[in-house]
Amino acid sequence: MFIDFTGFAGDCVINGKLDLRAPRLTDQLNADPLVHLVDVELEGLGDARRVSSAEFTIERSQLCAVRVTGPRGSRALRIATAPHRLRAQIGPYTVLGRLHEPPGVDALATFEQRDLMVPLTDATIAFMVGGILDVRDSSTLVINRELASWYRAVEVNEEPDPSSSADGSSPADLAPVAGSRPAVLTLQAGDRSRRHPRPSARGPQAR
């Protein structure tokens, strides 16, 4: 079954179609180190230029986040969880969402023990495209925890802004913070290579 796919890489946003073979997109992302797409359009973060390609393959390790579409999996396999509001910086993206863990579990303490791709519900992702802030809401967003330069809990008593997102922050508050990092090659459409900032494999926690 082909589903719509939106991925957020270090230097572009990737839109295309993914052949979903697992019960859920999160399961497939955690199982496969490569993501194969068709009918792809890439939008550069630096200049907003768009490039189309019939096929495109990207390494999972180069995806900062992915918008979840498709089935949610078997209801019988779901367990009771408690939501914890989380904010993280992942490459050029600022992410807000709800991390789900069993009741009584310290969500931040166990975050680095989770699978590589971690789902957040009621999520918001913010980033710059051609110098303009782009803020998008998603019912579920999967983030690459190894690319998080920092993450922290969002306290319940933090006052939301009247023009806020679902997680209680105004668009201006979500502007990503740039950082200096080594460069890494990323394959682009047409087998061209381009360099982008490489997020650290395991960043410090901000609590």
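Within segment 1-52, the residues that satisfy the criterion of being over 27 Å from residue 132 (Cα atoms), outside any strand (DSSP E or B) and among the aliphatic types (A, V, I, L, M) are 1, 20, 22, 25, 29, 31. Of the set (1) closer than 23 Å to residue 130 by Cα; (2) in contact with a Lys or Arg (Cβ under 8 Å, 6 or more places away or on another chain), all apply to residue 66 but (2).
The set of residues from segment 143-167 being exposed (fewer than 15 other Cβ atoms within 10 Å of the Cβ) and either at pLDDT 90 or above or assigned to a strand (DSSP E or B) (or both) comprises just one member, 152.
Residues that are of a type in the set (S, T, N, Q) and modelled with pLDDT of 95 or more within segment 107-133 comprise just one, 124.
Residues checked against (1) in contact with a Gly (Cβ under 9 Å, 6 or more places away or on another chain); (2) more than 17 Å from residue 30 (Cα to Cα); (3) at pLDDT 95 or above:
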| residue | (1), (2), (3) |
| --- | --- |
| 73 | no, no, no |
| 78 | no, yes, no |
| 81 | no, yes, no |
| 98 | no, yes, no |
| 101 | no, yes, no |
| 105 | no, yes, no |
| 135 | no, yes, yes |
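Within segment 117-131, the set of residues being outside any strand (DSSP E or B) and surrounded by 22 or more Cβ atoms within 10 Å (Cβ to Cβ) is empty.
The values are calculated or read from the model by the stated rules, or taken from the named source; none is laboratory data. What you see is a predicted model; the values in this text were computed from it and never measured. Glycine gets a Cβ as well: all are built from the backbone with ideal geometry, and neighbour counts include every protein chain shown.
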